[in-house]
1. Any chance you could count how many residues in the range A:81-99 are free of Cβ contacts under 8 Å to residues at least 40 places away in the same chain and closer than 25 Å to residue A:48 by Cβ?
2. Look through B:120, B:102 and report the one residue that is more than 10 Å from chain A (Cβ to nearest Cβ), touching a strand residue (DSSP E or B) at 6+ places or on another chain (Cβ under 9 Å), part of a strand (DSSP E or B) and touching a residue at least 60 places away in the same chain (Cβ under 8 Å).
3. How many of the residues making up the range B:1-20 are touching a strand residue (DSSP E or B) at 6+ places or on another chain (Cβ under 8 Å), touching a residue at least 40 places away in the same chain (Cβ under 8 Å) and within 12 Å of chain A (Cβ to nearest Cβ)?
4. Residue under question is residue A:44, and the condition is that it be facing chain B (nearest Cβ under 10 Å) and touching a residue at least 60 places away in the same chain (Cβ under 8 Å); does it hold?
């Protein structure tokens, strides 16, 4: 039943400190996408937001002790499916980033909360629930 | 470089027609989560929104002909990373669903746009960019 996923690219960023979450990040970096997907990037525009799905590639294996965790910025413990911890049953992250500009297969973004070298699994348009359009 | 992912559960829904997107869906169904993750669900509350990461398990393999696609509700073709097509380099979907209620390992949700039997990969809290909290 397992699913095989292959990165479409990697994050390039040289951050001294990784912001804990994209909602509180101004960090800039580059999504370097495999050139075979270049054509698929053509409609991404500066100023827009994109949803980036990525792998928490430095997380330890998940075990049941991580079902409840205390987030660093909260008092008290919470269930894993109510927090953004990188230690999850499947180490998949999601961030909403602002596109600064694009050069060929490089998407320059703001709002990073990922490590340098993070494998990127997908880029999607950011669509707000209220808008009812995509 | 490939990553192995294992579903944490499956969608149970009996929809006659699958809405094209969660932003335009009132469809109800159940996220049936593996009982080994039960404790991790404890802080999910009725009325809240959750981000559900899932597999497009019925999609054909991705090939370069799918880099540009015409969405059914748009004129013109767009790059894959600017649309929500289920035929993507990695067949990963993301929907924001409303939690109706929870019974043990079953999360009853509204806003479904997934097929019955869809493998669920992760559940995350829904956090709006402007709020700066999680």
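FYI, it's all coordinate maths here, none of it is from the lab. On a predicted model such as this, the values are computed, not experimentally measured, just so you know. Because the Cβ atoms are built from the backbone with ideal geometry, glycine has one as well, and the counts that use them run over all protein chains shown.
1. Result for the range A:81-99: 1.
2. B:102
3. Residues meeting the conditions: 5.
4. yes
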